[in-house]
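Below is one structure, written out as structure tokens, with a few remarks after it.
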Amino acid sequence: MEHLKAHESADFIQQNPEAKKEAISKETDRLFGVLESPDMEVDDLNSLLDRLSSNPLFRDELEAFQDYNSTALENVLIANMEAEECVEWDLLDYFWVRAEFTEISRELEAVWLDLWELLSDYRGFIETKLTWLDEVFVEKVKSSITTRLKEVSSIIEDLKNIEIQRFWSLENFNENRWIINEKVWEHLSFINNELLPSLQAYSKIKWWANVPEKFTSRFDTTNWMTNWNIPQNPNYINVEYKIWEIEELMTAHLDSEWNFDEWLFSTQSIFNTEKESHRELLSELGVQEFEISLLNEKDKQIQDEATLYFMAMIWVQIWVETLGWVVWNIVWGWIDVYDSFSSEEELLNIAKNLGLADKEFRMDKTWVDNVLAGVWLIPWATQAIKWPRLASFMEKVDAKTFENAVSKVKEQVWLWKTFSEDEQVRLSLAENLLWRELDRSEKSVIIEAHNLWEKVEWEYSYSDIKEKYMVLKESGFDEWEIRTLMEKWITWKETKELGNIDIIWGIEAEKLYDRHPSLENYQDIFLPNDKVRVLWEWTKWFVLSNERLNFVWKIPISSEVFPILLGEIEKHQKFYDMVMLLKGMWKIPEWVKVPSVKDEIKSDNLLLAMEKVNWNSLTTYRYKEFYKDLPWFKEEIIGWLTDYEIKLLLEHKYNVNKWELDSMVMEVGASLQKFFPDKLEWYNTAIKFLKERWLEHKDLHSWNIMIDTEWNLYLIDFDTSNFSK
Amino acid sequence: MNHKIVLEILKNTKIFKEETKNRLISHFDSLNQTQKDSLIQILKVEKKLILNFLKSLKDKESMNFVDIKSWVENLRLNKIYKLEIEENKNLMLELEKLIKSLDYI
């Protein structure tokens, strides 16, 4: 009203109806201005509508407004429905499902799988082949199909969890499409292998087809004249009984989940295409097998090819294993031996690397794999387990195709390559990968080096490796090229020891940067005047020592190994803390130690810095003691050598048997008793206490026990250690 | 717009019939993307629709001028009241800080 007063007096308005009308309209305009202001929220407006609805006239208007909007919206929705997905809606209506399936189909589409085609296949099958069926039973079949398909979303959920656990991202999740397809297939196996074929067979047997006699006769009477004991017919099928069971199934009730009851006897005893005799009968009756796949054509091809080569590899693998796993070990030397013949995943990886299988292809980690993980110690077990699976595959595949695949795998894996007319060279897998990129002179060098390799067989010694290295070097190969070549021939342990001879020893820092630019991130820790020695280098780690700071650094080459290193640092730190604590409690003597450790994180770089122990490991002390009578093997001479140098010296200069040297590594107790006769008990108590505190080292051999010049014991190398609780 | 938000708005909106609303909410998942998009577009202009509806009734008997006026007045007072409460809160916080800093001294 204040607003009105500003213009006209209230009395004037009261008296003059026209003025009153004008004033009201002005006021209404102002009020609408308030309503239209951006501060006004939809909720406020809704409350206004509520307030005004007390007026019946307004309520009528509002209802008309809502009616109009609702019909308009419905029209829009219907128009869009018809425009876009008429086929799918039709399909979904046919199977009486809507909401759940649009969700599932979207999830499947995200991994390039097609649900609609599968559903329309089923629909086509039901509408053409099962026309004679009672409508009620058709509905049962449909609901059984859909209940099974609904479980797909939980399969996808599980796989996503596994994917996140393994790779920490869902970026490549669509590579799981083969696995999902396989699982869906397993889920629907009752429908595809039993129900649909049985129904088809039922209609044929019931109305027109004759069952061949070889299935109906109980005994094999072909030789009845000569045979006293008439053998049973292995193909015998009690067809009448089967028909009866199918009829029983058709009248049976579905279970609470709208599925055929699994425990019902009829459900278990209808025709099954997985049984050989059944399959034979069904194919004689002309029953078509129903094959489903969610994959598109290209993916199907990828799967077929990959499975073929995978099976061919198992074939080759079994064949090689019968020759002896040692041979296998040599050929696959660059892969961990247990992996190569126990893990199917590894096998598939090899197939991928050879270009035999598509890079994206993934296969389900089967039970075979799980079983094999437990029995890798017995090579024959592998063979026994893998054979049945291979046999069932070979029944289905064309023999010639399989033969070709096997020969291709052999060619790739274990290759006899003709280099010149009279010379045949066997090449291993790793070399074969390199082979294509080499020119003729380089190839000749490798062959030469390889002939050396042939000579040494699988019981090679370090001198042979050294010799091979020399051959390669004289042929003009760069030191680093040789190392990459050799890394594939020999396992890391040899590389390490080889490194100590003459290859990696004392590489200057600059050259190291050239080789691994990623190391430049760590540049600020290598001061120019520091004497940095490369203790050893491997594909994953560098170990450098800094003489000035008296530190050993473990530096990862790629960021992929960060988690491992972090784990090691954490474990190491925990051990250190525990040992210090137990020392404080007088449970552990002063002279049992763990070198102090710290992680240094600089922006994105991580390294392990460990206190350097001066000087040798327990093993070396044992060697020194044991071989003290050898000429020139005196402290004055060998005192400045490192552990590996001493070992190599013994092996090559004094020709001590390698096995003799190695066996000494395991004798931790004996070595300790030798050097600490009065302290052994203390040492054992220390280990016992650590175990009681749930810390287990797990890799405690005498290379991992260091002894300094003051006879203190240091425990090192915690990357395999464990906290048992 | 997130599906949950859309459902929430659908529940509260007054521009559709109750019956339609319930049907939409229960079958929301079975709508395809285009259908959902068009629904969302309509919900985005909800405020405009209501305002236009009210404007169309401006000179008609069905809408009571006094009702709107008192409602607007109430709303204004409510907002002022809320603002005051907030200001009071802020003042109290500042006071507490002051007292703490005094304690240090």
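The values are calculated or read from the model by the stated rules, or taken from the named source; none is laboratory data. Fair warning: this is a prediction, and the values are worked out from it, not measured in the lab. Positions of Cβ are backbone-derived with ideal geometry, glycine not excepted, and every protein chain shown enters the neighbour counts.
Specify which of the listed residues (A:I155, A:I145) is β-branched (V, I, T), out of contact with any Lys or Arg (no Cβ under 8 Å at 6 or more places or on another chain), touching a residue at least 24 places away in the same chain (Cβ under 8 Å) and on the phi < 0 side of the Ramachandran plot. Let's see the steps before the verdict.
Details: A:I155 fails: out of contact with any Lys or Arg (no Cβ under 8 Å at 6 or more places or on another chain).
Going through A:I155, A:I145 in turn, the sole match is A:I145.
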Run A:I270 past the list (1) modelled with pLDDT of 80 or more; (2) under 25 Å from A:I180 (Cα atoms); (3) not acidic (D, E) and report the number of the one that doesn't hold. (2)
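Would a scan of region B:58-76 turn up a residue that is closer than 30 Å to A:Y68 by Cα, β-branched (V, I, T), within 12 Å of chain A (Cβ to nearest Cβ) and surrounded by fewer than 10 Cβ atoms within 10 Å (Cβ to Cβ)? Even if it seems obvious, please write down each step before you answer.
Taking region B:58-76 first, the residues closer than 30 Å to A:Y68 by Cα are B:58-72, B:75.
Now narrow it down to the ones that are β-branched (V, I, T): B:66, B:68, B:72.
Applying the additional criterion that residues be within 12 Å of chain A (Cβ to nearest Cβ) yields B:66, B:68, B:72.
Restricting the remaining residues to those that are surrounded by fewer than 10 Cβ atoms within 10 Å (Cβ to Cβ) gives B:66.
Yes, region B:58-76 has at least one match.
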Here are some conditions: (1) over 25 Å from A:I179 (Cα atoms); (2) modelled with pLDDT of 60 or more; (3) surrounded by 14 or more Cβ atoms within 10 Å (Cβ to Cβ). A:Q288 meets all but one. Which one does it not meet? (3)
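Restricting attention to region A:102-114, and to residues there that are more than 14 Å from chain B (Cβ to nearest Cβ) and of a type in the set (A, V, I, L, M), which single residue is nearest to A:K298 (Cα to Cα)? Before you say what the answer is, go through the steps one by one.
At the first step, the residues of region A:102-114 found to be more than 14 Å from chain B (Cβ to nearest Cβ) are A:108, A:111-114.
With of a type in the set (A, V, I, L, M) added as a condition, the list becomes A:108, A:111, A:113.
Values: A:L108: 16, A:V111: 14, A:L113: 12 Å.
If we take residues in region A:102-114 being more than 14 Å from chain B (Cβ to nearest Cβ) and of a type in the set (A, V, I, L, M), then A:L113 is nearest to A:K298 (Cα to Cα).
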Of the conditions (1) modelled with pLDDT of 80 or more; (2) part of a helix (DSSP H, G or I); (3) over 22 Å from B:L43 (Cα atoms), A:I13 clears all except one; give me its number. (1)
Where residues in region A:41-73 are more than 8 Å from chain B (Cβ to nearest Cβ) and hydrophobic (A, V, I, L, M, F, W, C), which of them is farthest from B:R76 (Cα to Cα)? A:A72
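Going through B:S26, B:S38 one at a time, which residue ends up being more than 30 Å from A:L57 (Cα to Cα), more than 8 Å from chain A (Cβ to nearest Cβ) and among the hydroxyl-bearing types (S, T, Y)?
Details: B:S38 fails: more than 8 Å from chain A (Cβ to nearest Cβ).
Unique residue meeting the criteria: B:S26.
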Within region B:32-41, residues being surrounded by 17 or more Cβ atoms within 10 Å (Cβ to Cβ) and at pLDDT 80 or above number 3
Among (1) of a type in the set (D, E); (2) modelled with pLDDT under 85; (3) surrounded by fewer than 18 Cβ atoms within 10 Å (Cβ to Cβ), where does A:E85 come up short? (3)
Residues of region A:201-211 being surrounded by fewer than 21 Cβ atoms within 10 Å (Cβ to Cβ) and either touching a helix residue (DSSP H, G or I) at 6+ places or on another chain (Cβ under 6 Å) or under 15 Å from A:F271 (Cα atoms) (or both), in sequence order, are A:S203, A:K204, A:I205, A:K206, A:A209, A:V211
Quickly run through region A:680-691 and pick out the residues that are touching a helix residue (DSSP H, G or I) at 6+ places or on another chain (Cβ under 8 Å) and closer than 17 Å to A:M706 by Cα. A:L680, A:Y683, A:A686
Quick one: B:N12 ticks every box in (1) within 9 Å of another protein chain (Cβ to nearest Cβ); (2) at pLDDT below 85; (3) surrounded by fewer than 17 Cβ atoms within 10 Å (Cβ to Cβ) except a single one, so which number is it? (2)
When region A:139-197 is examined, which residues are found to be within 17 Å of the chain's Cα centre (by Cα) and of a type in the set (D, E)? A:E157, A:D158, A:E163, A:E171, A:E175, A:E182
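Residues that are within 18 Å of A:S217 (Cβ to Cβ) and among the small types (G, A, S), at least 1 per element: which helices (runs of 4 or more DSSP H) completely within region A:235-287 meet that?
On the way: elements: A:239-251, A:265-268, A:276-285.
Once the helices (runs of 4 or more DSSP H) in region A:235-287 are filtered for at least 1 residues that are within 18 Å of A:S217 (Cβ to Cβ) and among the small types (G, A, S), what remains is A:276-285.
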Does B:K17 satisfy the criteria of being farther than 16 Å from A:S70 by Cα, facing chain A (nearest Cβ under 8 Å) and of a type in the set (K, R)? no
The one condition B:Q33 fails out of (1) touching a helix residue (DSSP H, G or I) at 6+ places or on another chain (Cβ under 8 Å); (2) facing chain A (nearest Cβ under 9 Å) is (1)
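Does B:K47 fit the bill of being within 8 Å of chain A (Cβ to nearest Cβ) and within 23 Å of A:L57 (Cβ to Cβ)? Before you say what the answer is, go through the steps one by one.
Details: within 8 Å of chain A (Cβ to nearest Cβ): yes; within 23 Å of A:L57 (Cβ to Cβ): no.
Judged against the criteria, B:K47 is not a match.
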Residue ID - farthest from the other protein chains (Cβ to nearest Cβ), chosen from residues in region A:14-40 that are of a type in the set (D, E) and more than 17 Å from B:I50 (Cβ to Cβ): A:E18
